[in-house]
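Read through the structure below, which is laid out as structure tokens, and then see the notes.
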Amino acid sequence: MKDYFVLSNGVKIPSIGFGTWQIPDGTDCYLSVMLALKLGYRHIDTALAYGNERSVGKAIRDSKLKREEVFVTTKLPAQYKTYDEAIKYFNESLENLGLNYIDLYLIHAPWPWAEVGKDCTKGNVEVWKAFVKLYNEGKVKSIGVSNFRETDIRPLVEETNFMPHVNQIRFFISNIQEDVVKYCKENNILVEAYSPLGTGKLLGNEEINEVAKKYNVSAARLCIKYCLQKDTLPLPKSTHEDRIKANLEMDFDISDEDMKKLDNVKIEELYRELRS
Ligand code: A2P
């Protein structure tokens, strides 16, 4: 397994990130991130909207790792769509985390979560201009988007001539977002896979378990490896030591034939495509 992906600006990003969505702030989050760092993760993914940046930052600082040894991602909440709000809430994230720069800053979604699908093109462009400014000032080492379709990304690039480095999307076996992934690959945008285990719902699937058995690995490890072999960067989340550890162990390869088999797994209730 490669240790990191290289973004279009040359920045190296460790190839598995530790996801912290839904890990409550406080002891749970602090201990999980501490454990993840102890067990070898060097990439932590959080967001202002997760409400746990303070615990993430404290764990990173207390880990005694050097700042440049840990890749930290956070996100601008989806409802803020002005230039000034982007700067304001970026500074709030920095303060919460207690860091003086962020490795990757993402627009959390193209629309507020309460208004999914709303056209916020104008606001996204405004926000993107603020992101480019933060990038040019060195306050963030790379910038990107999350949950964006091709039609959401195009206007950003047309207005600023700055292509996002990353698009973080809901990606896992049975939800492989072929349209948006194709666009990202053609434009050298790294796709990050959030919920690589389908928030755990893939783990009981019979077809997945059958393939996993062949490699003598858990369904979780197979799902994570699948993302990597699709050239996406998985962000698995767990609060259990044995799982946090296992989710980093990728010393096996899924054959082309089995990848195809997994490509064809259909789980109706988990399928939700980002459409252009
Ligand atoms: P827990 O936090 O109790 O370990 P996703 O990364 O797709 O969001 O999935 C996260 C869910 O999958 C969580 O409920 C997490 O539970 C569970 N999970 C994470 N890693 C494993 C694993 N290796 N084996 C079983 N369940 C796991």
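The values are calculated or read from the model by the stated rules, or taken from the named source; none is laboratory data. Model, not experiment: these values are computed from the prediction. Virtual Cβ from ideal backbone geometry, glycine too; neighbours counted across all protein chains shown. Just so you know, the surface numbers come from the protein's heavy atoms only, side chains and all, with ligands and any DNA or RNA stripped out. Shrake-Rupley method; radii C 1.70, N 1.55, O 1.52, S 1.80 Å.
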Looking at segment 83-232, send over the antiparallel percent of its DSSP beta bridges, to the nearest 5.
10 percent
Counting only protein heavy atoms and using a 1.4 Å probe, what share of the accessible area of segment 104-227 belongs to carbon plus sulfur, as a whole percent?
46 percent
Rounded to the nearest 0.05, what FRET efficiency do Glu92 and Tyr4 have when you use their Cβ-Cβ distance and R0 = 25 Å?
0.30
Under Karplus coefficients 6.51, -1.76 and 1.60, residue-wise ³J(HN,Hα) of segment 232-243 in Hz, glycine/proline x
10, 9, x, 10, x, 10, 7, 10, 10, 4, 5, 6
Find how much the distance from Thr27 to Glu186 grows on full extension, using 0.36 nm per residue of separation minus their present alpha carbon separation; answer in nm with one decimal.
53.1 nm
Reduced to Cα centres, the span from segment 252-274 to segment 41-117 in Å works out to 30 Å
Leu233 long-range amide H proximity, modeled H, under 5 Å:
Val191, Glu192, Ala193
Can you give the charge dipole size of the chain about its Cα centre, rounded to the nearest 20 debye, using +1 on the beta carbon of Lys and Arg and -1 on the beta carbon of Asp and Glu?
500 debye
For Asp179 and Glu268 in one chain, what is 0.36 nm times their gap in residues minus the Cα-Cα distance, to one decimal in nm?
30.2 nm
At 1.4 Å probe radius, can you tell me the per residue accessible area of the chain in Å²?
46 Å²
Counting other Cβ atoms within 10 Å, which chymotrypsin sites (Phe, Trp or Tyr not before Pro) in segment 45-123 have at most 16 and lie in a DSSP loop?
Tyr101
Across Lys133/Lys182; Lys38/Lys230; Lys88/Lys225; Lys133/Lys225, pairs whose alpha-carbon gap is larger than 30 Å:
Lys88/Lys225; Lys133/Lys225
Selection from Tyr271, Leu48, Ala109 lying farthest towards where the dipole of the chain points positive, charges on Cβ
Leu48
List the chymotrypsin sites (Phe, Trp or Tyr not before Pro) within segment 173-269 that fall in a DSSP loop (any state other than H, G, I, E or B) and whose Cβ has at most 15 other Cβ atoms within 10 Å.
Phe252
